[in-house]
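Right, one structure below, let's go through it.
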Amino acid sequence: IFDPPEDHPVHKYGRAAVSNMGKRSKDQTFGFDRVFDDNTTQGEVYESTTRGLLDSVMEGYNATVFAYGATGCGKTHTITGTAQQPGIIFLTMQELFEKIAERSDEKHTEVSLSYLEIYNETIRDLLVPGGSKQGLMLREDANQAVSVAGLSSHHPKDVQEVMDMIVKGNEYRTVSPTAANATSSRSHAVLQINLAQKDRNADVNEPHTMASLSIIDLAGS
């Protein structure tokens, strides 16, 4: 959370936004952390947006990264990338597996992932082709935690297994042509990476530390 002191130049914009909330105005002010130009590499985007979240996830905090924007602006390229220019998913998982290996003497860590799409308010499992046409349902447990009933969970051992799953899942993603993009993604794609960690010298009954990192490629608008 960015909470600047009152003498910071940014602080005045916050006051202005609050004071104008009840007024109708065509001019609106939007804040941002950084602007990337067309020379920015995939690695630089990852470093500035996602890398800093990994340590928090390893400590048991949930985190989310998502790409939003008009169709054809490069959301899927940023999130998934190519073999020559790997995106946020590849770079995140590569570093995550490296961090797990570095801590393997102290902690046992289990990685699982799910990959789904949301299209017309219907949830589909992208890693189980030919699933229910009615889609999957959301469920809430006694602790008010929401999950997708029937969503498959997979346990990759390295980053290449993850990317193989993403490539497979994207083949079943809902797309349709637009004026700006012949293969525009018409669904939201959600990759959820779950970590379960436990100290190697912990008692058998000691619970695992759980955390989830969600990486989301929103549909083109």
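Throughout, read-outs are computed from the coordinates displayed, never taken from laboratory work. Computed from a predicted model, the values in this text were never measured in an experiment. Note that each Cβ is placed from the backbone with ideal geometry, even for glycine, and that neighbours are counted across all protein chains shown.
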Notebook entry, point to check: What's the center-to-center distance, using Cα atoms, between region 197-221 and region 32-102 in Å?
Noted result: 18
Checklist line | In Hz, Karplus ³J(HN,Hα) per residue of region 106-121 (6.51, -1.76, 1.60; θ = phi - 60°; x = Gly, Pro) | finding: 9, 10, 9, 10, 10, 10, 9, 8, 9, 9, 9, 10, 10, 9, 6, 6
Margin query: Taking θ = phi - 60°, what integer Hz values does the Karplus form 6.51 cos²θ - 1.76 cosθ + 1.60 yield along region 38-48, in sequence order, with x for Gly and Pro?
Written below: 6, 9, 5, 7, 4, x, 5, 5, 4, 4, 7
Notebook entry, point to check: Taking amide H positions as placed 1.01 Å from N in the peptide plane, with prolines and chain starts having none, which residues 5 or more places from Asn62, or on another chain, fall under 5 Å of its amide H?
Noted result: Ser212
Margin query: Order 86-93, 72-79 from most to least packed using the mean count of other Cβ atoms within 10 Å.
Written below: 86-93, 72-79
Checklist line | Per residue, the convex hull volume that the Cα atoms of region 40-217 enclose (Å³) | finding: 133
Next item on the list: Take every Cα pair under 8 Å in region 40-217 that's 6+ residues apart, average their separations, divide by the length, and report that relative contact order as a whole percent.
Entry: 30
Margin query: Need the full-extension length gain, Tyr68 to Glu95, defined as separation in residues times 0.36 nm minus the C-alpha distance. One decimal, nm.
Written below: 7.4 nm
Margin query: Only counting other Cβ atoms within 10 Å, I'd like His155, His188, His108 sorted with the fewest neighbours first.
Written below: His155, His108, His188
Next item on the list: Quickly work out the Gln144-to-Lys157 label distance, labels modelled 7 Å from Cα along the C-beta direction, and quote it in nm with one decimal.
Entry: 4.2
